[in-house]
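Heads up, the thing below is written out as structure tokens.
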Amino acid sequence: MTTTTSPDRGGGWRTVDILVAAAVAVAFGVAFLAWNALAIATTPVFAFLPPLQAILNGLWLLPAVLVGLIVRRPGAAFFGGFVAAAVSVVLGSVYGADALISGLVQGAGAELGFALGLYRRWTLAFAMVSGALAGLAATIHDVPIYYRDAGADVWLVYGIASVASGALVAGLGAWLLVRALVRTGVLREFAVGREQRPV
């Protein structure tokens with residue numbers, strides 16, 4: 001299965017790139033509302049070690065990695081992360097306007113993962129690196145806000161949980177979602193849809 005090719009021919013975004021990236025981001029932006037409710041509902045579960053709740057972060061990092069894997073163009077992961085966050089804000093995110101900043105930071109982290117591969121490596125490893133870096137970015141954004149005056153122990157627990165969730169839930173999760181989408185044929189206009197075959 002080939003996953004290491006360059007993006008579709010042409011450096012600019014095609015109309016189909018924009019439409020699909022936006023559709024994916026909007027869908028996740030709506031899903032964020034349910035995930036926000038999940039985060040609130042599960043807070044008591046993590047009362048023994050609150051920073052460990054960052055293990056859920058990968059859910060919010062998914063659209064950035066997924067859009068990056070599908071569109072394969074510079075800025076795609078950032079676009080996916082930011083637009084999903086923007087949609088959630090418009091729909092009434094409990095995190096308010098800060099969700100926009102969070103989306104910017106997390107999208108940038110995911111974007112960095114694909115940039116490290118010079119936008120030519122679309123392997124599972126790079127998907128997981130992208131998710132992990134988004135998780136690291138989330139840590140840098142979240143801890144100073146939600147754990148003011150946090151010590152090194154909080155940073156460590158939150159960081160490990162967030163990075164692991166980013167790599168597994170967002171990275172591996174996006175990788176598996178792409179394969180599921182490939183099977184439906186909806187990605188046939190993209191390099192990933194033309195190259196990959198169900199295994």
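Throughout, read-outs are computed from the coordinates displayed, never taken from laboratory work. Note that the structure is a prediction, hence the values are computed from the model and not measured. Ideal geometry is used to build each Cβ from the backbone, glycine not excepted, and the neighbour counts take in all protein chains shown.
Considering the chain as a Gaussian network with a 10 Å cut-off on Cα pairs, which listed residue, 34, 64, 84, attains the greatest mean-square fluctuation?
So, out of 34, 64, 84, the one fluctuating most is 34.
Tell me the label-point distance for the pair residue 46, residue 34, using the 7 Å Cα-to-Cβ offset, in nm and rounded to one decimal.
2.0
Please arrange 179, 188 by how many other C-beta atoms lie within 10 Å of their C-beta, fewest to most.
Values: 179 17, 188 10.
Starting with the residue having the fewest Cβ neighbours, the order is 188, 179.
Could you grab the relative contact order for the stretch 136-199? Cα pairs under 8 Å, six or more apart, rounded to a whole percent. If you can, show how the numbers build up before the last one.
Values: 29 pairs, mean separation 13.9, N = 64.
About 22 percent, as a whole number.
Relative contact order for the chain using alpha-carbon pairs under 8 Å, separation at least 6, rounded to a whole percent?
Values: 358 pairs, mean separation 54.1, N = 199.
Relative contact order comes out at 27 percent.
May I ask for the Rg/Rh ratio of the chain, computed from Cα atoms with Rh as the Kirkwood radius, given to two decimals?
Values: Rg = 16.4 Å, Rh = 16.6 Å.
Using only Cα positions, Rg/Rh for the chain is 0.98.
If you stretched the chain out fully between residue 154 and residue 97, how much longer would it get, using 0.36 nm times the residue separation minus the C-alpha to C-alpha distance? Each step should come with its number before you reach the end.
Values: separation 57, 0.36 × 57 = 20.52 nm, distance 2.46 nm.
Contour length minus Cα-Cα distance gives 18.1 nm.
By how many nm would the segment from residue 123 to residue 147 grow when fully extended, if each residue of separation counts as 0.36 nm and the alpha-carbon distance is taken off?
Values: separation 24, 0.36 × 24 = 8.64 nm, distance 3.47 nm.
Additional length available on full extension: 5.2 nm.
Springs between alpha-carbon pairs under 10 angstrom, Gaussian network model over the chain: which of 129, 26, 67 fluctuates most?
Per the Cα network of the chain with a 10 Å cutoff, 26 tops the list.
Any idea how far apart residue 183 and residue 22 come out in nm if each label point goes 7 Å out from Cα toward Cβ?
That separation, rounded to one decimal, is 3.0 nm.
Quick one: order 148, 73, 194 by neighbouring beta-carbon count within 10 Å, fewest to most.
With the fewest neighbours first, 148, 73, 194 line up as 148, 194, 73.
With +1 on each Lys and Arg Cβ and -1 on each Asp and Glu Cβ, how big is the dipole of the chain about its Cα centre, in debye rounded to the nearest 20? Don't skip to the end; give the middle numbers.
Values: 12 positive and 9 negative charges, 171 e Å.
So the dipole magnitude of the chain works out to roughly 820 debye.
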